[in-house]
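See below for the structure under consideration.
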Amino acid sequence: MEWIWLLHDDAAPAPDALAELLQAVERAPSVTVAGCKQLAWNAERRLIDAGLSTSRWAERLTLIEADELDQGQYDGRTDTFAVNSAGMLIRRDAWEQLGGFDPALPGVGDDVDFCWRNWLAGNRVVVVPAARMFHVEHRPHSLATPSAARKSQVHLRLTHASPWKVPLHALGALLGSMVRLVVSILVKEPGHGMSQLGATVAALGRPGAIWRSRRNAAQTRRVPRSMVKGLQTPRREVWAHRRSLVEAIADEFQETDSLSPEPSGDAGDDFVALATNERGWIGTGAVAAGFVALAASIVGLLGLLGAGGVAGGGLLPLSTAGDIWRSASTWWIGLGAGLPGHGDPFAYILWLVSLLGGGDSSTAIVWLLLLAMPLAGLGAWFAAGAMTTLRRYRFIAALIWAGAPALQVALNQGRAGALVAHVAMPLLVLALFRATGSALGRGATFDQQQNHHRIQPSGYAAAKPLTGKPGVNGTPSWTAAAAAGLALAVVTASAPSLLPPFAVLIVFCGISLGRRGRTIWWSLLPSAALFAPYVLSVLERPRTMLADPGLPLGFEAAPLWQQLLGQPLKFDVNGGLAGLALFGPSVIPWALALALLLGAPVLLLSIAALFVPGRRSRVTRFLWAGALLLLAWAWLAGHVATGVDGNLLVAPFTGPAVSAAGFAFLGAALIGADNLLQLKAKAEHGRPVQRAAVRIVSAVATLLLIAGPLASMGLWATQNVLASADTSASASGALGTPRLVQPSGQGTLPATAVDHGQGPEQTRTLVITAGENGGYTSSLMRGAGTTLDSLSTIAAGRSIVGSPGQERLVADDDATASIRNAVATIVAGTGVDPRPGLEQLGAGFVVLKSADTAAQLTANRIDSVPGLVAVGKTDSGWLWRVTPLNQAAAADAETAHRVRVVDAKGAVVALLPSSGTSAAGNIPAGGDGRLIVLAERADAGWSAWLDGRQLSPTTSGWAQAFTLPSTGGQIEIRYTTVWEPWLSILQAVVIGLTVLLAIPMPARRPKVGLMKEQNSLRKEYSSV
């Protein structure tokens, strides 16, 4: 009889091991597989395993306690479920009968699978405790990684399960991996959870390998599957064993083990890392900077105090929190006659602002404007702690960022997106620094850890690494990476044009930093999930992906040299300061002086950081590269028109890019200041004259750094106080911009129109504004009027065509032309009835806005227009109600509805209540040729059902319609897309997991769930 003896290259048998094995199998002819007792290589009495088992879920088990010593307690064992392949003695005919190891399990799980099939073939497996095998534990670069172990476990479970249980096991394995992912995120180890989920998907994605393994097992099976269940370990014993492992080796648990995931850097120390002495929480400097910024903000925006809302520039009033959420998540844009497309990502930010304001959205925007400066200063204070430990430099950084020209322009022009991006930028930079471990802090540096954690001469044992706090000195942080993802989502949703350059920078950082950069990849996930629905809506109009949220505003971008000084808008060197006669155009270039005072010291210090010897030169170079990339991208994006301001094509605002580049320069300047301070300390040992010169230069530099932002905030506040409310533009070439934001009421339409617009009628209001030179502009509004959250960059850019730099406006489509024709008919006052066009638009009211004499004459002409009944003058303008065109409609309602039923002649015979993007109600029976018509642009996403039967879509001019049968019944209309449920689920999952990961974990909180699994893997697979 021939036998096969298997040996590993990292294991050595005792001299008598083979003799003991042969003696055991000779005494029991039914034994076809025999194994050795496994002992540690470096500690010959420490047990590794004395036979193997599995749980009911095919998990490999040794049931050996941590650091358990061999005292003969297992010498009585014989039959066991499986044995380790190191030293496995196999009878040759059994090996050939079973076909050897399963090729689908290379190196992990092959011994368990072979013994499992051996038992099912009617043979026995025994362990021979007298046969000893000395095995290296935790071999570097072993195949037995956690993901390989999970993949093997799932494969074994599906291979040896009953056929009817295979789908249940597959579903259970997938759900179990998802639970592991959530648990790993909660304990700040997402890498482990992701690897387990990936391994599960990889195992389930090999149906061919599973089928071949099941076929081979079925061909050699001679006994029922239930015969081996007695050798498997019950669930209670598995749990008790894992619990004992956690209690025994929790203190010695090291994540650098070859069987554990790579160290995340968090290690449950997030709160401890945030509380370092160097970083500190709110200090005297932060409070002082915050109060200075708050004082300037209150003075400059004094007229907004107590206001219920604001409007002007790029701002409009906001809806309620619920309406904002619907605007953000909808796939149908409710502007004018409607158009397909997902809501802007910035609407989600407005929803968060509304929640922070207690649900009062418009008041929340007022407070956002008032607190933007102090919030920006506090954010810069915290972020500066990642680049310098000196509090005076952090105070200066807070002042500079609070008084940045880009923020002042955003405040005065009502650019809500640019404002939010500027406030959130420091938090994003801080989170990115901490995610890669690039922030300053105490503890061992990354290089020290690398030097300490080396392989010992034996090649197998490794020293314990030096522990570092997460986020500092080269120790990456998953928590900070998740926070960076949330901050990046806020910044890019507020300024979409920043998404491409930030994505490039993060990808480059992740690649160049290697292991340190593995956490930063998570920061891209929230933005990707947030923008996914929007991107699918703009594939035909990619230019809109760069558009700024809010009303499009024309501007003249500053040249590069002015952007390097932090100025987003162009100014003339001799243009003076806007709104300040004392500093008007003169022989003194006041504009240039203020720009240099604010931007030159920071720029010079950032340049010095490139050349002055000192630490963190790599970070300085990266900050400079990022700043130049951002400015170059802003220049390129400036050649792409994304909106229309009147008849002027508008490109993305340069303010957010200047803000991002400015903070990069500020970070480099802080590093440069630290390096110069080190040179100053060396110069203190020189001659007295040299010491005095160094001190004078240092004092002057500090004074200039403080004077710049103080002068900027003071002059900005003074300009806003002195400037008249009707200032439409700054003086030609002057530095600064007038304040366009003014207090406003809660709504833009009369209450009567709002009631019908928000009711089941969903009546619209045609708003006509009398302009200069006898011109008119118009807007078809819904509900309470057009709000900031209902604006859409897709709608703003849909009329622009052409390559970058050669854009032009296309002619109106039928729906837009219908609005213009209705306005022309109304303001002409020629006696032509405008109601057919208004009825198709669903317009039930007309409002004329203006208070001059020309508007009064226009109002008098409109009074004579057929079908318009004058309601009177309101706070929102003159109001007229549109009477129904025929008696059937007049009997049902006094105003037009969004959804109506028309007969074969086009006359309205019934009206249907509606809400949002849906409508439902009862349709009476009628004649043939009837249509149900929506006052919405025709689109394939609209669908209708009558008593559960889908209706055929058609059109009525430009409007969506459906053919009605002569019978009546219950009708339901809604707008749907194939992407809607799946992308919403994706967004909820990604954002939810990121929020969980971003929540700091207390330092001493036990990682119970994850440690059970990791410690079990560490022990059970230590000798594979």
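A few comments on the model shown:
- Normalised contact order of the stretch 904-956, rounded percent, pairs of Cα under 8 Å and 6 or more residues apart: 24 percent
- Compared with the dominant principal axis of the Cα atoms in the chain, helix 980-998 is inclined by about 70°.
- Charge-dipole axis of the chain as Lys and Arg at +1 and Asp and Glu at -1 on Cβ define it, positive-most pick from Q97, H192, G338: Q97
- Taking the DSSP beta bridges with both ends in the chain, the antiparallel portion is around 80 percent.
- Taking each DSSP H run with n ≥ 4 as -39500 (n - 2.57) and averaging over every residue of the chain yields -14500 deg cm²/dmol at 222 nm.
- Rg and Dmax, both from the Cα atoms of the stretch 1-50 and both in Å, are 12.2, 36.
- Cβ-Cβ FRET estimate between L560 and A692, R0 fixed at 41 Å, reported to 0.05: 0.60
- Kirkwood hydrodynamic radius over Cα pairs of the stretch 1-157, then Stokes diffusion coefficient at 10 °C and 1.306 mPa s, in µm²/s: 101 µm²/s
- Normalised by residue count, the stretch 87-210 yields a Cα convex hull volume of 138 Å³ per residue.
- Whole-percent carbon and sulfur share, accessible surface of the chain, 1.4 Å: 61 percent
- Pairs of Cα atoms farther than 14 Å apart, the stretch 591-637, %: 62 percent
- Using a simple spin-label model with pseudo-atoms 7 Å out from Cα toward Cβ, I985 and D645 lie 4.4 nm apart.
- Here the stretch 585-605 is scanned for amide nitrogen atoms under 18 Å from the site 7 Å beyond the Cα of N574 along Cα-to-Cβ, giving 585-595.
- Residues in the stretch 490-523 reached by a label modelled at S803 [backbone nitrogen below 14 Å; 7 Å Cα→Cβ]: none
- Fully extending the segment from V832 to L305 would add 185.0 nm, taking 0.36 nm per residue of separation and subtracting the current Cα-Cα distance.
- The order of S799, S55 by accessible area, most exposed first and with a 1.4 Å probe, is S799, S55.
- Dipole magnitude of the chain, debye to nearest 20 (Cβ charges: Lys/Arg +1, Asp/Glu -1, about Cα centre): 1920 debye
- Label sites at A218 and D939, each approximated as a point 7 angstrom past Cα along Cα to Cβ, lie 5.1 nm apart.
- Sites R243 and Q71 - FRET efficiency at Förster radius 25 Å, r taken between beta-carbons, to 0.05: 0.65
- Rounded accessible area of V228 (nearest 10 Å², 1.4 Å probe): 10 Å²
- Pairwise FRET efficiency - K873 versus V721, Cβ, R0 = 30 Å, nearest 0.05: 0.35
- When the residues H639, H155, H169 are ordered by accessible surface, computed with a 1.4 Å probe over the protein chains alone, the sequence from largest down reads H639, H169, H155.
- For the chain, the orientation-averaged shadow of the C-alpha convex hull comes to 51.6 nm² (one quarter of the hull surface).
- Rounded to whole Å, sorted largest first: equivalent-ellipsoid semi-axes of the stretch 6-82, Cα gyration tensor: 20, 18, 13
- Positive-end residue of A784, F611, L61, charge dipole of the chain with Cβ unit charges: L61
- Helix 146-159 and the longest principal axis of the C-alpha atoms of the chain enclose an angle of approximately 80°.
- Working from label points 7 Å from Cα in the Cα-to-Cβ sense, the D10 to D79 distance is 3.3 nm.
- With Cα atoms as the point set, the stretch 73-146 shows a radius of gyration and Dmax of 13.4, 37 Å.
- Sequence-separation-based contact order of the chain, relative, with Cα cut under 8 Å and 6+ spacing, percent: 13 percent
- Length released on extending from T883 to A19, taking residue separation times 0.36 nm less the Cα-Cα span: 300.4 nm
- The relative contact order of the stretch 770-880, computed from alpha carbon pairs under 8 Å that lie at least 6 residues apart in sequence, is 23 percent.
- Formal net charge of residues neighbouring P340 (Cβ-Cβ distance under 15 Å; K, R +1; D, E -1): -2
- Largest accessible area first, the listed residues E237, E936 line up as E237, E936 when surface is computed with a 1.4 Å probe on the assembled protein chains.
- One decimal place: the segment T233-N821 gains 203.6 nm when fully extended, by the rule 0.36 nm per residue minus the C-alpha distance.
- Relative protection proxy for 977-987, 614-624, from highest mean packing down: 614-624, 977-987 (other beta-carbon atoms within 10 angstrom).
The values are calculated or read from the model by the stated rules, or taken from the named source; none is laboratory data. The structure displayed is predicted, hence computed values, not measured ones. Cβ sites come from the backbone with ideal geometry, for glycine too, and all protein chains shown count toward neighbours. The protein model used for the area step is the full one, side chains on, heavy atoms only, and it has no ligands, DNA or RNA in it. Shrake-Rupley method; radii C 1.70, N 1.55, O 1.52, S 1.80 Å.
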